[in-house]
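Undergrad: After the structure tokens below, expect a handful of questions from me.
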Amino acid sequence: MARRGRRNHVVPGVSQQMSAFKAEVMRREGYAVDPSRPDDVKYEVAKSLGVPLQQGDNGELTTESVGHVGGRIGGSMVRELVRMAQEKLAKEPRQ
């Protein structure tokens, strides 16, 4: 049975904000993002990487190729989170 792409976030109700954050980060990376469907950016990323990802069954794709798509998105989000944390820490007075 294939795993569904649903995440259970630790903070209840954060899914919408995470989707908006993903859309904003990927927009800054230069990808076309539909604000009403931010998760669809994965198809744009896949296309730019040459991975034939499409809606529905992608059972013929390797884990490695799909991982490149998720890694590009997740890596961009992590880099932005680290940048935001560093910026916040730089503004806080030292004790």
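Undergrad: Dipole of the chain, Cα-centred, from +1 at each Lys and Arg C-beta and -1 at each Asp and Glu C-beta, to the nearest 20 debye?
TA: 360 debye
Undergrad: At 0.36 nm per residue, and after removing the present C-alpha to C-alpha distance, how many nm does the segment from LYS88 to THR62 gain when stretched out fully?
TA: Numbers: separation 26, 0.36 × 26 = 9.36 nm, distance 3.90 nm.
Computed gain between LYS88 and THR62 is 5.5 nm.
Undergrad: What order do you get for 56-62, 35-41 when each peptide is scored by the mean count of other beta carbon atoms within 10 Å, highest first? Could the numbers behind the result be given before it?
TA: Details: 56-62: 9.3, 35-41: 13.9.
Packing order, densest peptide first, comes out as 35-41, 56-62.
Undergrad: For LYS42, list the lysines whose Cα falls under 30 Å from its own Cα; do not include residues on the same chain fewer than 8 positions away.
TA: The reachable lysines, counting only those whose Cα sits under 30 Å from LYS42, are LYS22, LYS88.
Undergrad: Further question: Angle, helix 63-91 long axis vs. longest principal axis of the chain, Cα atoms, 0 to 90°, nearest 10?
TA: Result, in degrees: 10.
Undergrad: Per residue of the stretch 27-37, in order, report the coupling 6.51 cos²θ - 1.76 cosθ + 1.60 (Karplus, θ = phi - 60°) as ³J(HN,Hα) in whole Hz, putting x for Gly and Pro.
TA: Result, ordered by residue: 5, 5, 6, x, 8, 6, 10, 7, x, 7, 9 Hz.
Readers should treat all values here as calculations from the given coordinates under stated rules, not as data from a laboratory. Given the structure is predicted, the values throughout are model-derived calculations rather than measurements. Note that we place each Cβ from the backbone using ideal geometry, even for glycine, and neighbour counts take in every protein chain shown.
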